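The values are calculated or read from the model by the stated rules, or taken from the named source; none is laboratory data. Source: prediction; values computed, not measured. Here the Cβ positions follow ideal geometry from the backbone for every residue, glycine too, while neighbour counts run over all protein chains shown. What goes into the accessible areas is simple: the full protein's heavy atoms, side chains included, and nothing from ligands, DNA or RNA. Shrake-Rupley method; radii C 1.70, N 1.55, O 1.52, S 1.80 Å.
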Amino acid sequence: MLFTPTAQAIWATQLSRFCQHLEATRGLRFGGTPSERYGALHAWSVTELAEFWAAVAEFFDIAWRKPPALVLDHPEMPGAAWFVGGELNYAEHALRAAHGVAVVSLSEAGERREVSYAELRVLVARCRASLKHLGVGLGDRVAAYLPNALEAVVAFMATASLGAIWSSCPPEFGVASVLDRFRQIEPKVLIAVDGYRYGGKWFDRRAEVEQIHQQLPGVVSLIRLGEGGQVD
């Protein structure tokens, strides 16, 4: 045995808090040892599917834009339909924390940057306004040729906030691989980086970006990011 949590630590977990929530709101009882409590919860979750997932949505305070008419329809697989008629926005939930660090970014050169939730909301709002100005709306597609960096997080959140669909490829991918993915979704906007750093070297991808752009006729706007995230 490498580690055994204390009773206090177990009681403070989200799982224990969820059990307490069920006991308070639904009259369920999950007594016994921690493993017995977990077993009882698991058994209930797989026998009362709709009730379990309704409780999960309630416990995590899901902010429905449009409440679902039904939690589960046609429970057999395939064909199960969850939260029928419900509408929500992922970005709204991801950005609603009041305080704390939202993103820790570490560059190839070792530069560390921490972005708070307040700062992230501002960055996402600015990007959202730009995308909306370019005509991005519900159901449109935004494609990104970006590294795993803060800019990608911001652009993704901004896209999701508008109800648009996001797809991305890292800049290490070649033109053919990127086109194989992006042609399927016919993006309206393409966000691409001029290049990336790896092993201390700069890899210029401007030629690849031009080829990708030219072969995606549905793209009405190309947003290019230079080194450091500045918009070209």
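Check whether at least one residue in region 133-147 is in a loop (DSSP other than H, G, I, E, B), more than 19 Å from Val220 (Cα to Cα) and either at pLDDT 95 or above or within 18 Å of the chain's Cα centre (by Cα) (or both), and report yes or no. The answer is yes; a qualifying residue exists. In the set (1) surrounded by fewer than 19 Cβ atoms within 10 Å (Cβ to Cβ); (2) charged (D, E, K, R); (3) free of Cβ contacts under 8 Å to residues at least 40 places away in the same chain, the condition left unmet by Arg128 is number (1). Per this entry, Ala94 is counted among residues that are surrounded by 13 or more Cβ atoms within 10 Å (Cβ to Cβ) and in contact (Cβ under 8 Å) with a residue 60 or more places away in the chain.
The set of residues in region 97-110 that are open to solvent by 40 Å² or more (accessible area, probe 1.4 Å) and without any contact (Cβ under 8 Å) to a residue 60 or more places away in the chain comprises Ala98, His99, Gly100, Val101, Val104, Leu106, Gly110. Per this entry, Ser168 is not counted among residues that are part of a helix (DSSP H, G or I) and touching a strand residue (DSSP E or B) at 6+ places or on another chain (Cβ under 9 Å). Going residue by residue through region 192-211, is there one that turns out to be β-branched (Val, Ile, Thr), touching a helix residue (DSSP H, G or I) at 6+ places or on another chain (Cβ under 7 Å), open to solvent by less than 90 Å² (accessible area, probe 1.4 Å) and more than 17 Å from Ala149 (Cα to Cα)? No: zero hits.
Between residues in region 111-122 that are open to solvent by 70 Å² or more (accessible area, probe 1.4 Å) and residues that are in a loop (DSSP other than H, G, I, E, B) and modelled with pLDDT under 95, which pairs lie under 8 Å by C-beta distance while being six or more apart or on different chains? Going by the 8 Å Cβ cut-off, the qualifying pairs are Arg113/Ser107. Checking each residue in region 27-55 for being among the hydrophobic types (A, V, I, L, M, F, W, C) and either in contact with a helix residue (DSSP H, G or I) (Cβ under 8 Å, 6 or more places away or on another chain) or open to solvent by 70 Å² or more (accessible area, probe 1.4 Å) (or both) picks out Leu28, Phe30, Leu41, Trp44, Val46, Phe52, Trp53, Ala55.
Out of the residues in region 1-13 meeting the condition of being part of a helix (DSSP H, G or I) and touching a helix residue (DSSP H, G or I) at 6+ places or on another chain (Cβ under 9 Å), tell me which one is surrounded by the fewest Cβ atoms within 10 Å (Cβ to Cβ). Restricting to residues being part of a helix (DSSP H, G or I) and touching a helix residue (DSSP H, G or I) at 6+ places or on another chain (Cβ under 9 Å), the top hit is Ala7.
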